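Derivation of every value follows stated rules applied to the coordinates shown; laboratory data play no part. The shown structure was predicted, so the numbers you read here are calculated from the model rather than taken from an experiment.
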Amino acid sequence: MSSKVRAARSRSESILVTTEHEGKRSRRPDELIVEEPMTVQLDGVTVSTTMRTPGHDFELAVGFCHTEGLLAVTGGEAVPVSGVRYCATGSAVGSEFNVVTVETGGRAPAPRPRLGNTTSSCGLCGNDAIDQLCDRLSPLPTSAPIPLAVLQAVPAAVRDTQALFEVTGSVHAAAAFSADGTVLLTREDVGRHNAVDKVIGRMLLDGQLPATGLGLFVSGRASFELVQKAWAAGFSTLIAVSAPTALAVHTARRAGLVLAGFVRSDRLNVYSPARL
């Protein structure tokens, strides 16, 4: 296996840097997050290429296909995934573990490729996407609200599970949590949307969707795309450590999704519903 392949499969890489602190200069190794392209295929058809942190690649591919509606049939039901593997047309080593195929045996609708590449910092764009989303998804079922005090405690609980952030300081996290604030699953990635897809993909493969009554935590801001993914997975609540966008709030209100931002131990802002 080439050194490039080995690096692509690692989640961080040690690089020598020059550090200046209080007038003293030194050389030391620094752990940096790895960012590599990954192509997602559905039944052999390429549907997207995203920049991601290697690790949990199968979950990422499955989660992406689910949240993009690529597995949905009439009525919003999702066809089962029959297999996930690296590169359906060659060896995993030959593709440097950067091509993942999700297989349904042809039961999924004919895939619609996403135009262009997806960066690690931005996913779906376009204001007309909200109408397409509402056409595909039904409003979420009503569930008991998670107490605000529980939501305020979640970021600190997730922080304790962020092993990769502890090493690099430069990676996003997503986590599923229960109504009592228990962190059920955490995934990290250079891209927020990738971390979310990894959580959702794992839950789909484990038969744990829809995530009714559960919450989804995201580091950074709550964009429209993250609300879309939370809605598609059936989460009842989405919380973020930063602000949402206006489109994210409008979408959450149409979905019936509780959306909170600037979540800290002593404060938060609730944007959806309009009033509690």
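How large is the Kirkwood hydrodynamic radius of region 148-272, in angstrom, based on all distinct alpha carbon pairs? List each step's numbers first, then the result.
Values: mean 1/r = 0.0718 Å⁻¹.
Radius from the Kirkwood sum: 13.9 Å.
With just the Cα atoms of region 140-187, tell me how far they stretch along each of the three principal axes, in Å, largest first.
39, 22, 14
Short version: ³J(HN,Hα) in whole Hz for each residue of region 222-233, in order, from phi by Karplus 6.51 cos²θ - 1.76 cosθ + 1.60 (θ = phi - 60°), x for Gly and Pro, what are they?
Running phi through 6.51 cos²θ - 1.76 cosθ + 1.60 with θ = phi - 60° gives 9, 7, 3, 5, 5, 5, 4, 5, 4, 5, 4, 7 Hz.
Would you grab the residues whose amide H sits under 5 Å from the one on D30? Only those 5+ places off in sequence or on another chain, please, with H modelled 1.01 Å from N.
For D30, whose amide H was placed from the backbone, the distant partners under 5 Å are I15, L16, V17.
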